[in-house]
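Undergrad: Dropping a structure here in C-alpha coordinates format, bear with me for questions.
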Amino acid sequence: MDSRQTKDWQQRYAIRVGIEATISQNVRTRGPRRSRYRGLARTHVQYALTALACNLTRVADWIAPPTANRRRSTRFHSLRTATA
(Lines give C-alpha, C1' and ligand atoms only; values in the text may rest on other atoms or scores of the structure.)
Protein backbone atom coordinates (compact mmCIF):
# COMPACT_ATOMS: atom_id res chain seq x y z
CA MET A 1 0.00 0.00 0.00
CA ASP A 2 1.29 3.42 -0.94
CA SER A 3 1.90 5.79 1.99
CA ARG A 4 -0.14 8.48 0.22
CA GLN A 5 -3.28 6.39 0.54
CA THR A 6 -3.35 6.39 4.33
CA LYS A 7 -5.90 8.55 6.15
CA ASP A 8 -3.20 10.29 8.18
CA TRP A 9 -1.32 11.39 5.06
CA GLN A 10 -4.49 12.57 3.34
CA GLN A 11 -5.46 14.70 6.35
CA ARG A 12 -2.03 16.31 6.55
CA TYR A 13 -1.98 16.89 2.80
CA ALA A 14 -5.43 18.52 2.89
CA ILE A 15 -4.10 21.04 5.42
CA ARG A 16 -1.08 21.71 3.22
CA VAL A 17 -3.24 22.21 0.14
CA GLY A 18 -5.39 24.74 2.01
CA ILE A 19 -2.36 26.72 3.14
CA GLU A 20 -0.82 26.71 -0.32
CA ALA A 21 -4.11 27.85 -1.85
CA THR A 22 -4.27 30.78 0.57
CA ILE A 23 -0.70 31.80 -0.21
CA SER A 24 -1.37 31.50 -3.94
CA GLN A 25 -4.52 33.61 -3.66
CA ASN A 26 -2.65 36.33 -1.79
CA VAL A 27 0.21 36.36 -4.30
CA ARG A 28 -2.12 36.49 -7.31
CA THR A 29 -4.55 39.11 -6.03
CA ARG A 30 -2.63 41.30 -3.60
CA GLY A 31 0.92 41.10 -4.91
CA PRO A 32 3.01 40.59 -1.76
CA ARG A 33 6.08 39.35 -3.60
CA ARG A 34 7.93 42.51 -2.61
CA SER A 35 7.51 44.50 0.52
CA ARG A 36 6.83 48.21 0.27
CA TYR A 37 8.72 48.80 3.49
CA ARG A 38 12.15 48.22 4.96
CA GLY A 39 12.48 46.50 8.27
CA LEU A 40 10.93 43.41 9.74
CA ALA A 41 8.27 45.18 11.82
CA ARG A 42 6.80 47.18 8.93
CA THR A 43 6.98 44.23 6.58
CA HIS A 44 5.16 42.12 9.15
CA VAL A 45 2.39 44.74 9.34
CA GLN A 46 2.06 44.68 5.55
CA TYR A 47 1.68 40.90 5.50
CA ALA A 48 -0.74 40.95 8.43
CA LEU A 49 -2.92 43.50 6.62
CA THR A 50 -2.72 41.43 3.44
CA ALA A 51 -3.94 38.38 5.36
CA LEU A 52 -6.72 40.46 6.90
CA ALA A 53 -7.82 41.63 3.44
CA CYS A 54 -7.86 38.02 2.22
CA ASN A 55 -9.97 36.92 5.18
CA LEU A 56 -12.41 39.82 4.75
CA THR A 57 -12.82 38.93 1.09
CA ARG A 58 -13.52 35.32 1.98
CA VAL A 59 -16.07 36.28 4.64
CA ALA A 60 -17.80 38.64 2.20
CA ASP A 61 -17.96 35.86 -0.41
CA TRP A 62 -19.27 33.47 2.23
CA ILE A 63 -22.01 35.86 3.40
CA ALA A 64 -23.10 37.03 -0.06
CA PRO A 65 -25.98 35.16 -1.65
CA PRO A 66 -24.81 32.72 -4.30
CA THR A 67 -25.13 33.87 -7.86
CA ALA A 68 -26.84 31.69 -10.41
CA ASN A 69 -23.88 31.49 -12.76
CA ARG A 70 -20.44 32.92 -12.07
CA ARG A 71 -18.99 32.01 -15.46
CA ARG A 72 -19.61 33.92 -18.62
CA SER A 73 -21.22 31.95 -21.38
CA THR A 74 -18.97 31.00 -24.25
CA ARG A 75 -19.46 32.28 -27.77
CA PHE A 76 -20.54 28.80 -28.83
CA HIS A 77 -23.14 28.64 -26.09
CA SER A 78 -24.48 32.10 -26.99
CA LEU A 79 -24.71 31.12 -30.64
CA ARG A 80 -26.40 27.84 -29.78
CA THR A 81 -29.04 29.50 -27.60
CA ALA A 82 -29.61 32.25 -30.20
CA THR A 83 -30.33 29.73 -32.93
CA ALA A 84 -32.48 27.44 -30.78
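Undergrad: When segment 1-15 is examined, which residues are found to be open to solvent by less than 80 Å² (accessible area, probe 1.4 Å), of a type outside the set (Ser, Thr, Tyr) and at pLDDT 85 or above?
TA: Matches in segment 1-15: Trp9, Ala14.
Undergrad: For Phe76, which of the numbered conditions (1) under 24 Å from Asn26 (Cβ atoms); (2) open to solvent by 100 Å² or more (accessible area, probe 1.4 Å) fails to hold?
TA: (1)
Undergrad: For segment 16-35, state whether one or more residues are open to solvent by 100 Å² or more (accessible area, probe 1.4 Å) and in a loop (DSSP other than H, G, I, E, B).
TA: Yes, because at least one residue in segment 16-35 is open to solvent by 100 Å² or more (accessible area, probe 1.4 Å) and in a loop (DSSP other than H, G, I, E, B).
Undergrad: For segment 63-73, name all the residues that are open to solvent by 90 Å² or more (accessible area, probe 1.4 Å) and at pLDDT below 85.
TA: Answer for segment 63-73, where residues must be open to solvent by 90 Å² or more (accessible area, probe 1.4 Å) and at pLDDT below 85: Pro65, Pro66, Ala68, Asn69, Arg70, Arg71, Arg72.
Undergrad: Moving to a separate point now. Go through segment 36-84 residue by residue and tally those that are of a type in the set (Gly, Ala, Ser), in a helix (DSSP H, G or I) and within 22 Å of the chain's Cα centre (by Cα).
TA: Number of matching residues: 4.
Undergrad: Return the pairs, sorted by first residue and then second, in which the second residue is assigned to a loop (DSSP other than H, G, I, E, B) and open to solvent by less than 50 Å² (accessible area, probe 1.4 Å), the first residue lies in segment 20-44 and is under 16 Å from Arg58 (Cβ atoms) and without any contact (Cβ under 8 Å) to a residue 60 or more places away in the chain, the beta carbons are less than 8 Å apart, and the residues are 6+ apart or on different chains.
TA: Asn26/Pro32
Undergrad: A follow-up question, please. Have a look at Ala53, Ala60 and point out the one that is in contact (Cβ under 8 Å) with a residue 12 or more places away in the chain, open to solvent by less than 90 Å² (accessible area, probe 1.4 Å) and of a type in the set (A, V, I, L, M, F, W, C).
TA: Among Ala53, Ala60, only Ala53 is in contact (Cβ under 8 Å) with a residue 12 or more places away in the chain, open to solvent by less than 90 Å² (accessible area, probe 1.4 Å) and of a type in the set (A, V, I, L, M, F, W, C).
The values are calculated or read from the model by the stated rules, or taken from the named source; none is laboratory data. These numbers come from a predicted model, not from an experiment. With ideal geometry, Cβ positions are generated from the backbone for all residues, glycine too; neighbour counts draw on all protein chains shown. Heavy atoms of the whole protein, side chains included, go into the accessibility calculation; ligands, DNA and RNA do not. Shrake-Rupley method; radii C 1.70, N 1.55, O 1.52, S 1.80 Å.
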